[in-house]
Amino acid sequence: MTDSIFSRRYSRRSMLRAGLFGAAGLAAVPAVLEACASSSTSNSGGGKIVIGTFQDNAMVPFRDVFVKRFTSETGIQVQYNETNYDAWYQNSKNDGLHKTGAYDIYVMDDNWVPEFAAGKVIQSLDKLGFHVNSDILPNGLNQGYWPPKTGAKMKDFASATPELYAIVIIDDVEILYYNKDYFPNAPKTWDDIASAAAAKAKAGGPYGWSARGVKGNPIVQTYLPLLNSYGGNFVNDDWSPGFASAAGVGALERLFSFIPYMPTGVAEFDTDQEVQVFLQGNCLALTEYTGLSHQVDDATASKVVGKINMAATPSQEKSGPAIGTFICGVASGAPNPQGAKQFLEWFTSSKVQTDFANTNGSAAVTKSALSDPNITSKYRWLPAIADAVNNSVAKPHTPDEPKMEDILGTRLNEALVQALQQKSGYHSIAQSKLTQAANEITAYLKQQGGYI
Amino acid sequence: MRAGLRGVPVYAGLVAAEVFALFPFWWMITTSLKHQVEIFSGLELLPTAPTLDNFFALFETYNFGPFLFNSVTVVVFSVLLSLLLGTPAAYALTKLPTEGWLQKQALIVVLLVRMLPAILLVIPFYIVLANFQLLNTRIGLILLYTGLNTGFVIWLMQSFLAEIPRDIEEAALVDGDTRLTALWRIVLPLAAPGLAATSIFSVINIYNDFLIALTMTSTPEAQTIPVGVSTLIGKIQIQWGPMAAAGVVGALPIVVFALLVQRHFVRGLTLGAVK
Amino acid sequence: MVRGRRASFAAGPYVLLLPAAVALAAVSIYPLAYGVVASVRHYRYGLDVAYAGITNYVQVLQDDTFITALETTAKYVALCVVIETLLGLGLAMLVNRQLRGASLWRIGIILPMTVAPVVVGVMWRLIYASDIGIADPVMGLFGIHDVHVLGSDTTAFLGVVLLDVWEWTPLMFLILLAGLQTLPQEPLEAAVIDGASAIRVFFDHVLPMLRPVLFVAIVLRTIDAIGTFDQIYVLTRGGPGVSTQLFSIYAYNTAFLFTQYGQAMAMVVILLAIVLVLAAIAIRLVRLGPGTR
């Protein structure tokens, strides 16, 4: 009796289970085949290159127009993959360190170059026989050399000859965006900004200034144009931090002096939120990278179409925008390095760069493109970009730069939070936090060795 | 009298708990139905101009179709395989002569494995997968998740299987079954609620994994939904509308699944996990 | 015949255990060994360049940021587990009756724990963001103005604790509910008949009988809470400042952002050692505690 009950259950359930496992087994077969297939196609070489990048508005013309144009002009297939910034940083680094060869070209942020070059994540373009277009603006081009041509050098590389490891494709640099309605003349100095803010900003808006306050890289981008303009350095040529000086403290105090005119949530703003305030017509001016220029005249994103002009970042002693750049390296494990080289030479050629500038006013890297009269009449920010690149200040060229930015950015954020809460005592807050960051960076560099 | 309270405070408390639990879902859903402009223009509990654009964008621009497919495929196979590996092992644990000691060791081992943080695991896994050309493949993920989930299966199934009275099995053995057919024919059907509960928790754990999927995959060929959701949190741009939509799409399969099987959650826990 | 079968099956269980044991070893022993080896190697530019001995450990233990991260994690875990246990127990007590539609109450309450932590991070980001979120207006209703959750240390920390409580109280609820439902009723009924009040019944009878279940739930939740990563990664990245920089975030940054892989592995080993010690203490306490059944 017991048997029959169980055998009834058995037939239904076991058939179901057998069916499931059988289906699993059958379905696994195509998955196995797929795995084998994908590994073989990625090694096919010849007429194909794979480009990986992080998502960004600036890359849209690259993705939608120029990649396809390269294929139609040369016949080389291009596979284009994008993901978010942090994931891409991790993926590309892993891919290069372990030479897994999933990509030919990494599109990078400029401060990845020292790390990727020193760690052999990317290979030397000079050794590949890369031909450098002399039309490229020097400050942008120099971002791709390791060891760096200028600035502080690490001891291990003090005597090595700089080699080109990455080639700049977009001259992303900081410029000043200001709303014409509030500035009869283009503002030139921080005092100009301050007086306009004092005269025209109000508590709920319009704000006098907007900024990125998130700890780490974002707030450092807010701070650098200030620091550079006051004559301070991120690090001096001997690697000692240069921002805890009177210049650095003064620069941070200037940012704090804008607190009455900034949105109260600024300490948690990243680019999107910082920029929204401006695009909604609620802010007089801000410093940002070139990507914003594509949004200001876009009616679906901006309420200030036609009202925004661009200029050099405000000066104190001088104007000192930070230079970013989107920069391309060839992976060490690249399946098709010659194809990658061909693509990069093609994209940085004067003709293609001119067309690139003509597409949405993208921040091309060549002198001819950024000064072409036809194009600059359409896209008024291009001369400002060229100007900014020529006056720009690079960040420290070292693989440890991300950590240094993180340290400085953490303390800057803490200082900002404190300043927002206290609304006074700006000098002592700035001095103590910047000194703290300077000491931590010095200690870190000592620990890493090869600097001091 | 059961250990509990009664009356209006009970219902008030429960309602409060429900509102607290469900409100974030509501907020995310309404945000996903708004245009970017509306999201920034002020606080609204209900979208005044609802739109499905964000969802269309997910599938047209942000590759959520492949993400969904990858997640479902990887989860189904990983759970099946880990059940296949783990259930017989759990059964064996209950049948061993020194079962008390070994079961306790097994429990400790499984807990220890659970303690290993994902950052410890990702680089070694990355290197292994790289060596076998399994990076950025669904198979690679399935292998890793199966391995990781087997311990969990053993732990849960072991307590469910221990509940089943030996007499039924012994009776079957006397009647001519071997151990294996007894397992198949008699024990497993009785342990079905346990299998269900184990499957549920396994599905949830594997579907929700982020760091391992992030490191092992790099393109929509193999990336899963959690990775897909994170791609919307750009460094430069945060598209709030699509991000909210991504959250909705990310949560939906699991929520639907959980609603369908929620009966087994509690039954499963009641029957065995609480040991 | 039975004897013969038993003898021939002596190897059986071990055969069934073998594939699973191999799988488990592959995903645990191999990474652990790799991590321990990496922790005594010196990495430069992401490459393994030299033997480092205990240098990584020394540097990590002298790193204030690391110690802060450990402290933050300890505070976070303690706060979350305590709140979640209390709330979970409370909820379980509320639901532990033959309520009409009991399963309906349960559905809503357990949903948060089923959602991917990444998505939970997104959900709460939509709530906390100062410009588009609903947290600021709600606080405004209570007269709190100009406080942005993600804009200052304490509020951000409390904000992530709230997120964790929202997400994981359901788990405690389910486990404790299951525990309550399997309690034998006779001792409780006897106590009531003897005239004990509800509170007395709870503290003298229910709690002691729940102790093993509570222990399991707390241990589980603590282990998981220590490893919290996805939600913080999406929500704050450890900011503002370092107020929400849990151990996992700092270790992740060290391994992947600063490529100090050896130091990151040293951090992981140190953490595992701490957890093991705590676990041993916890087990000791439970064994020696009064009233173990």
Give me Rg over Rh for the protein assembly as shown, both radii from the alpha carbons and Rh done the Kirkwood way, two decimal places. 0.99
Which of the peptides C:184-193, B:223-232, B:48-57 is most tightly packed, and how do the rest follow, judged by the mean count of other Cβ atoms within 10 Å per residue? B:223-232, B:48-57, C:184-193
Below 13 angstrom from the Cβ of B:Q223, what's the summed charge of the other residues (Lys, Arg +1; Asp, Glu -1)? -2
FRET E, pair B:F56, C:E186, Förster distance 45 Å, beta-carbon r, rounded to 0.05: 0.15
Dividing the convex hull volume of the alpha carbon atoms of region B:130-268 by its residue count, what do you get in Å³ per residue? 136 Å³
Grab the beta carbon distance between C:L86 and C:A282, set R0 = 22 Å, and tell me the FRET efficiency rounded to 0.05. 0.75
Using the C-alpha gyration tensor of chain B, what are the square roots of 5 times its eigenvalues, in whole angstrom, with the largest one first? 40, 27, 16
Can you give the percent of C-alpha pairs in region B:11-108 whose distance is more than 17 Å? 73 percent
Treating only the Cα positions of region A:159-274 as identical point scatterers, give the base-10 log of I(q)/I(0) from the Debye formula at each q in 0.15 Å⁻¹. -0.79
Expressed as a whole percent, how much of the Cα-Cα distance distribution for chain C exceeds 32 Å? 45 percent
So the FRET efficiency between A:A203 and C:T68, C-beta based with R0 = 41 Å and rounded to 0.05, is 0.70
Ignore the peptide's own chain and count Cβ atoms of other chains within 10 Å of each Cβ in C:41-47; give me the average, rounded. 5
Hits for chain B under the membrane-span-like helix rule (DSSP H, Cα axial span at least 27 Å, Kyte-Doolittle mean at least -0.5) are B:8-32, B:64-95, B:138-163, B:240-268
Within chain B, what's the longest stretch lacking GluC sites (Glu not before Pro) that sit in DSSP loops with no more than 15 other Cβ atoms inside 10 Å? B:45-220
With label points set 7 Å from each Cα along the Cα-to-Cβ direction at A:K446 and A:T264, the distance between them in nm comes to 4.3 nm
Any idea what % of Cα-Cα pairs in region A:246-374 are farther than 21 Å? 59 percent
Zone of B:T48's modelled label, taken as backbone nitrogen in region A:260-289 under 20 Å from a point 7 Å along Cα→Cβ: A:277, A:280-282
Listed peptides A:296-305, B:242-251, C:110-119, C:77-86 by packing density, highest first (mean Cβ within 10 Å): B:242-251, C:110-119, C:77-86, A:296-305
If you take each beta carbon of peptide A:388-401 and count the beta carbons of other chains within 10 angstrom, what is the mean? 1
Give the Cα extents of region A:135-223 along the principal axes, in whole Å, largest first. 54, 33, 22
For peptide C:161-168, how many partner chain Cβ atoms fall within 10 Å of a residue's Cβ, on average? 1
Say each of A:N374 and B:D177 gets a label point 7 Å from the Cα, pointing the same way as Cα to Cβ; how far apart are those two points in nm? 8.4 nm
What percent of all Cα-Cα pairs in chain A falls in each 20 Å bin, counting up from 0? 23, 50, 19, 6, 1
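No lab work stands behind these numbers, since they all come straight from the coordinates. All values reported here derive from a predicted model rather than from experimental measurement. Here Cβ is always computed from backbone atoms with ideal geometry, including for glycine, and neighbour counts include all displayed protein chains.
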